[in-house]
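Everything below concerns the one structure shown next.
The values are calculated or read from the model by the stated rules, or taken from the named source; none is laboratory data. Since the model is a prediction, treat every value here as computed from it, not as a measurement. Note: ideal-geometry Cβ built from the backbone for every residue, glycine included; neighbour counts use all protein chains shown.
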Amino acid sequence: MAAAIAALLPARRRRPRSSPNADETRRRVVEAAGEVFAEHGFHAPTIRQITQRAGVNLAAVNYHFRDKDELYATVLHHAHRAAAACALTVNAARPPREQLRACVRGFLQHLLGPARPAWHGRLMAREMAQPTPALDSLVEESMRPRCETLAAILRALTGNRLPRAQHNRIGLSIVGQCLIYSQNRALIERLFPPAPAAANQVDALADHIAQFSLGGIAALLNQAKRRSQSPAITRRAPRRKLPAA
């Protein structure tokens, strides 16, 4: 399957000019395939299962997609594209603290918004747990730009005074704080009832995650400053005993 991943996206395949009916058929296939892949993973489902779910014939799938690999990669990118659009709407002219809050809010808005199909989250979670070769193209074309946006905000917040590895951990912590409200919703509702609808809590959650993260960044900067100001302790080497005469 890896050999087919290099040219997965449909834009790289020449087809006749689409019509409204063809576009609608393609949309139905992508949505149905997303639901099936989210439920059963990549390997188990057949194209026939997907066509039955979409209510189309096999020829319609073959017209729009080269094979199952291309269909899966298209579905994966489709599920992630909206998240990238939300998270990248950050005004670089604003102060870094406001940029961080906007970045967090955009990500939460996508994760928790009522318009997001449930299969999007399930498919992405399955892909993270059981990665396919399609993940490589998704990382390079969608995830890495989002990562660079957040990394730039963090460098501005820290003045680039922390090691790169620490910047990476801060970024992952921020993303993890967002994901828990989406991926662990059922657990949160059981641990802390009555839990309000997540979609109604986007602003409050964005404020909390941004403030919590800014506090952690400030603590790390203070710790780094104290270490740089601490005098170096030099230890004398132990004296060697002379052999007895």
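Go through ALA198, ALA206 for me and flag whichever is closer than 23 Å to PRO117 by Cβ, modelled with pLDDT under 90 and surrounded by 18 or more Cβ atoms within 10 Å (Cβ to Cβ).
On inspection, the qualifying residue turns out to be ALA198.
Only one of LEU179, LEU154 is under 22 Å from ARG122 (Cβ atoms), out of contact with any strand residue (DSSP E or B) (no Cβ under 7 Å at 6 or more places or on another chain) and part of a helix (DSSP H, G or I); which?
Exactly one residue qualifies, and that residue is LEU179.
Of LEU162, LEU191, all but one fail to be touching a residue at least 12 places away in the same chain (Cβ under 8 Å) and hydrophobic (A, V, I, L, M, F, W, C); the exception is LEU162.
The number of residues in region 40-54 being of a type in the set (Ser, Thr, Tyr) and in a helix (DSSP H, G or I) comes to 1. Yes or no: region 28-36 includes at least one residue that is at pLDDT 95 or above and touching a His at 6+ places or on another chain (Cβ under 6 Å). Within region 28-36, one or more residues are at pLDDT 95 or above and touching a His at 6+ places or on another chain (Cβ under 6 Å).
Residues in region 220-242 that are exposed (fewer than 10 other Cβ atoms within 10 Å of the Cβ) and small (Gly, Ala, Ser) were compared, and the one that is modelled with the highest pLDDT is SER228. Residue selection: GLU141 satisfies the criterion of being surrounded by fewer than 17 Cβ atoms within 10 Å (Cβ to Cβ), touching a residue at least 60 places away in the same chain (Cβ under 8 Å), over 19 Å from GLN177 (Cβ atoms) and touching a helix residue (DSSP H, G or I) at 6+ places or on another chain (Cβ under 8 Å). Within region 194-208, the set of residues being without any contact (Cβ under 8 Å) to a residue 24 or more places away in the chain and within 20 Å of the chain's Cα centre (by Cα) comprises HIS208 only.
Against the list (1) within 30 Å of SER228 (Cβ to Cβ); (2) assigned to a helix (DSSP H, G or I), the condition ALA206 fails is (1). Filtering ALA84, ALA59 for residues that are modelled with pLDDT under 95 and under 30 Å from ILE209 (Cα atoms) leaves a single hit, ALA84. The residues of region 89-120 that are among the charged types (D, E, K, R), assigned to a helix (DSSP H, G or I) and crowded, with 17+ Cβ neighbours inside 10 Å, listed by number, are ARG101, ARG105. When the criteria are applied in full, ALA134 meets the requirement of being within 25 Å of PHE37 (Cα to Cα) and either within 12 Å of the chain's Cα centre (by Cα) or not β-branched (Val, Ile, Thr) (or both).
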